Amino acid sequence: MPFVRPAVPDLDYEAWRQQSRMDRLKPLVQHWAEAGFGAPDAVYLLYLIKLGLYALGAGLFITATPGMGPLADVSTWWTQPVVLEKVVIWTLLFEVLGLGCGFGPLTGHFLPPIGAVLHWLRPGTIRLPPWPDRIPGTRGWTRTWLDVLLYAGLLVAAVYALIAPATRAAGGLSGGLIEPVRLVPLLVLLPVLGLRDKAIFLAARAEVYWTTAIMFLLPGTDLIVGAKVVTMAIWIGAATSKLNRHFPYVVSVMMSNNPLLRIRTVKRRFHRDFPDDIRPSRLSTALAHGGTAFEFSVPLVLFFSHGGPLTAIAATGMILFHLNILSSLPMGVPLEWNVYMIFVIGYLFGHYADYGPADITGAVPALVICAVALCLLGGISVGNLAPRRISFLPGMRYYAGNWDTSLWCLTPSAIEKFESQLVKSSTLPQAQLTRLYGEQTADLLSVKVYAFRAMHAHGRALFGLIERACGPTHETDYQPLDGEFVAGTAIGWNFGDGHLHNECLIEALQSRCRFEPGEVRVIVLDAQPMHRRSQQYRLVDAATGEFERGQVQVLDLLDRQPWCGEIPVEIHAGSAAKPAASAPTAQ
């Protein structure tokens, strides 16, 4: 039944299974180009229900505030100053519980559809400190009871703020605000916890919600201006990250996956010459460039127009922009983020359109707003010029197609160690899919995920480097796993961020599983810096460390089809791997 069964290509499975890896990939790429991931309609219904629960939760916390009207009377209270505070804090809580980004089948979480809270409240699971050699008290890869208590404390702090009354004067605005003392525990605990485990800090989408929550310490009008500045930084940062050759590939893949667009002949038009040339068509390229220009220009109109017809037109345009992203259900499913942005457009740039930098009330609020803005702009700058140094979330390189990624190649013995020696909340996604749909469908859907990866430029590099990483017997000795699958299982959360499954996770897993040389080979690919035309890669053996590094030219990746499997490389150090004698043959 289409409602509960995924859509997979109609092919001779046994004959397909005997083909080489890249030959098996080709029909799945072609199927994605006209059918997307092929998730059952029940999956899309699940996400719609989750969106409804997200909106309902925000409404319940808002209307529980003394003095607010009933939930059904939203038109009488939605512009109150405290509403923004509670929407931001609720969304942060929703995300850090793992209910937002990184939730469900479109992120490789099937049974259960959530990791995060199930993982982070459990001692013995893996944590990833960002700077263990620099920050005292953060060494180690194992979650302790201290980490569990810090995370539980963060959840309590968020609820403590959400149930707070609006007793603080709003400083020129009509209504009240939460007292700062109710916000301080949340503002302090999140970065402290992030020093122990960066995954939790990133999962909270701190670059959006924590930075906005800092503005809640300011007086009313300053709070509004500060929240506008944070929102502008998000839009400008996201637009800046799309100034690359990768983004048209994102558009073609995302539109092919749009569940509302059911006509296959239309989806094929997003590709140059279906089924033989799956590179982006002129339509995809035009949409990519037009969307980037739109995301740069229209927010500036919103920020400086201060009301009137021009503001209304710009606000409508930005709402449609986010609705388009929302309706396509992109992989990673940042759905609540888009709903939040739509709310913010109406709230900050609609109802409070009159307020701008000239309305800042004093030197201290100005300094706070400037300091937060500079930190955000610093993250954007580093993220685009030196992406290896910072996660793509504070770098605000959202869905630009230019991401840090990795591909893990494991022998059967390594997979057995991974499954048996880790404390975790789920098995690897293919095992989850097998329980749901059986081995054949699970196999096809797993390759479908690699089709998604290969349709982006960086995917060509990952698959083209497999033989260098694993030797000529890679087809029989190793099973490739997307780094997202490894991170989602090992640390409980994933959202397209290669910083969660690079050398830091390799070292953490090696400390637990004690892989033998040759059992785990990892291809780590950095994103393309804005000022360079190449991407750096590293080949790492989990037991013995890095054995090759080099670079690939982006133009070489763009010129190839997703199933090519061969790319020219420039070696900077080391040499390609030879097959490990101890690596058992995969069945």
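The values are calculated or read from the model by the stated rules, or taken from the named source; none is laboratory data. A quick note: this is a predicted structure, and the numbers were derived from the prediction, not measured. Here the Cβ positions follow ideal geometry from the backbone for every residue, glycine too, while neighbour counts run over all protein chains shown. Surface areas here come from the heavy atoms of the whole protein model, side chains and all, with no ligands, DNA or RNA. Shrake-Rupley method; radii C 1.70, N 1.55, O 1.52, S 1.80 Å.
Pairs linking a residue in region 266-288 that is more than 17 Å from Leu558 (Cα to Cα) to a residue that is of a type outside the set (Phe, Trp, Tyr) and open to solvent by 50 Å² or more (accessible area, probe 1.4 Å), with Cβ atoms under 6 Å and 6 or more positions apart or on different chains, are Arg269/Leu283.
Mind listing just one residue for me: the one in region 161-189 that is in contact with a Leu (Cβ under 6 Å, 6 or more places away or on another chain) and in a helix (DSSP H, G or I) and, of those, nearest to Pro130 (Cα to Cα)? Among them, the one singled out is Leu189. Within region 129-145, the residues that satisfy the criterion of being open to solvent by 10 Å² or more (accessible area, probe 1.4 Å) and in contact with a Pro (Cβ under 9 Å, 6 or more places away or on another chain) are Ile135, Arg139, Gly140, Trp141, Thr142, Thr144, Trp145. Report yes if some residue within region 46-58 is in a helix (DSSP H, G or I), free of Cβ contacts under 8 Å to residues at least 24 places away in the same chain, touching a helix residue (DSSP H, G or I) at 6+ places or on another chain (Cβ under 7 Å) and farther than 30 Å from Arg279 by Cα; otherwise report no. There is no residue in region 46-58 that is in a helix (DSSP H, G or I), free of Cβ contacts under 8 Å to residues at least 24 places away in the same chain, touching a helix residue (DSSP H, G or I) at 6+ places or on another chain (Cβ under 7 Å) and farther than 30 Å from Arg279 by Cα.
Screening region 460-479 for residues that are open to solvent by less than 20 Å² (accessible area, probe 1.4 Å) and charged (D, E, K, R) and picking the one that is nearest to Asn244 (Cα to Cα) gives Arg460. Residues in region 115-128 that are surrounded by fewer than 21 Cβ atoms within 10 Å (Cβ to Cβ) and under 21 Å from the mean Cα position of the chain (by Cα): Val117, Leu118. Going by the structure shown, is Glu516 open to solvent by 50 Å² or more (accessible area, probe 1.4 Å), closer than 25 Å to Leu25 by Cβ and outside any strand (DSSP E or B)? For Glu516, the condition - open to solvent by 50 Å² or more (accessible area, probe 1.4 Å), closer than 25 Å to Leu25 by Cβ and outside any strand (DSSP E or B) - is not met.
Just the residues that are in contact with a Leu (Cβ under 6 Å, 6 or more places away or on another chain) and part of a helix (DSSP H, G or I), please, taken from region 191-212. Leu193, Lys198, Ala199, Ile200, Leu202, Tyr209, Trp210 - these are the residues of region 191-212 that are in contact with a Leu (Cβ under 6 Å, 6 or more places away or on another chain) and part of a helix (DSSP H, G or I). Considering region 313-362, and only residues there that are outside any helix (DSSP H, G or I) and among the small types (Gly, Ala, Ser), the residue that is most open to solvent (accessible area, probe 1.4 Å) turns out to be Gly362.
Checked against the criterion of being part of a helix (DSSP H, G or I), hydrophobic (A, V, I, L, M, F, W, C) and surrounded by 22 or more Cβ atoms within 10 Å (Cβ to Cβ), the candidates Ile224, Ile236 yield just one match: Ile224. Please go through (1) open to solvent by less than 10 Å² (accessible area, probe 1.4 Å); (2) over 17 Å from the mean Cα position of the chain (by Cα); (3) not aliphatic (A, V, I, L, M) for His246 and return the number of the only condition it doesn't satisfy. Failed condition: (2). Just one residue in the set Gly317, Gly383 is touching a residue at least 60 places away in the same chain (Cβ under 8 Å) and not acidic (Asp, Glu); that residue is Gly383. Before we move on, is Ala527 surrounded by fewer than 24 Cβ atoms within 10 Å (Cβ to Cβ) and aliphatic (A, V, I, L, M)? Judged against the criteria, Ala527 is not a match. Residues in region 448-459 that are open to solvent by less than 10 Å² (accessible area, probe 1.4 Å) and assigned to a helix (DSSP H, G or I): Lys448, Ala451, Ala454, Ala457, His458, Gly459.
For region 16-25, the set of residues classified as surrounded by fewer than 20 Cβ atoms within 10 Å (Cβ to Cβ) and within 15 Å of Pro275 (Cβ to Cβ) consists of Asp23 only. Within region 158-183, the residues that satisfy the criterion of being in contact with a helix residue (DSSP H, G or I) (Cβ under 8 Å, 6 or more places away or on another chain), open to solvent by 40 Å² or more (accessible area, probe 1.4 Å) and hydrophobic (A, V, I, L, M, F, W, C) are Val159, Ile163, Ala169. The set of residues from region 288-313 being among the hydrophobic types (A, V, I, L, M, F, W, C), out of contact with any Pro (no Cβ under 8 Å at 6 or more places or on another chain) and within 17 Å of Pro248 (Cβ to Cβ) comprises Ala293, Phe294, Phe296. Residues of region 273-293 that are of a type outside the set (A, V, I, L, M), crowded, with 17+ Cβ neighbours inside 10 Å and either outside any loop (DSSP other than H, G, I, E, B) or within 24 Å of the chain's Cα centre (by Cα) (or both): Arg279, Pro280, Ser284, Thr285, Gly291, Thr292. When Glu507, Glu484 are checked against the criterion of being closer than 28 Å to Leu118 by Cα, of a type in the set (Asp, Glu) and buried (at least 24 other Cβ atoms within 10 Å of the Cβ), Glu484 stands alone in meeting it. So Thr427 clears everything in (1) assigned to a helix (DSSP H, G or I); (2) open to solvent by 10 Å² or more (accessible area, probe 1.4 Å) except one condition, right? Which one? Evaluating Thr427 over (1) assigned to a helix (DSSP H, G or I); (2) open to solvent by 10 Å² or more (accessible area, probe 1.4 Å) leaves (1) as the failure.
Can you find even one residue in region 185-206 that is more than 27 Å from Gly379 (Cα to Cα) and either in contact with a helix residue (DSSP H, G or I) (Cβ under 7 Å, 6 or more places away or on another chain) or at pLDDT 95 or above (or both)? The answer is no, given that none of the residues of region 185-206 is more than 27 Å from Gly379 (Cα to Cα) and either in contact with a helix residue (DSSP H, G or I) (Cβ under 7 Å, 6 or more places away or on another chain) or at pLDDT 95 or above (or both). Pairs are defined by a Cβ separation below 7 Å, a sequence spacing of at least 6 or placement on different chains, a first member in region 156-179 that is farther than 19 Å from Thr91 by Cα and among the hydroxyl-bearing types (Ser, Thr, Tyr), and a second member that is at pLDDT 95 or above and in a loop (DSSP other than H, G, I, E, B); the pairs so defined are Thr167/Glu179. Can you pull out every residue in region 256-272 that is open to solvent by less than 50 Å² (accessible area, probe 1.4 Å) and either of a type in the set (Phe, Trp, Tyr) or assigned to a loop (DSSP other than H, G, I, E, B) (or both)? Those that are open to solvent by less than 50 Å² (accessible area, probe 1.4 Å) and either of a type in the set (Phe, Trp, Tyr) or assigned to a loop (DSSP other than H, G, I, E, B) (or both): Asn257, Asn258, Pro259, Leu261, Phe270. Spot the failing condition for Val520; the list is (1) within 24 Å of Leu558 (Cα to Cα); (2) more than 24 Å from the chain's Cα centre (by Cα), and only one is missed. The one condition Val520 does not meet is (1). Out of all the residues in region 540-547, is one or more of a type in the set (S, T, N, Q), in a loop (DSSP other than H, G, I, E, B) and under 26 Å from the mean Cα position of the chain (by Cα)? No, the conditions are met nowhere in region 540-547.
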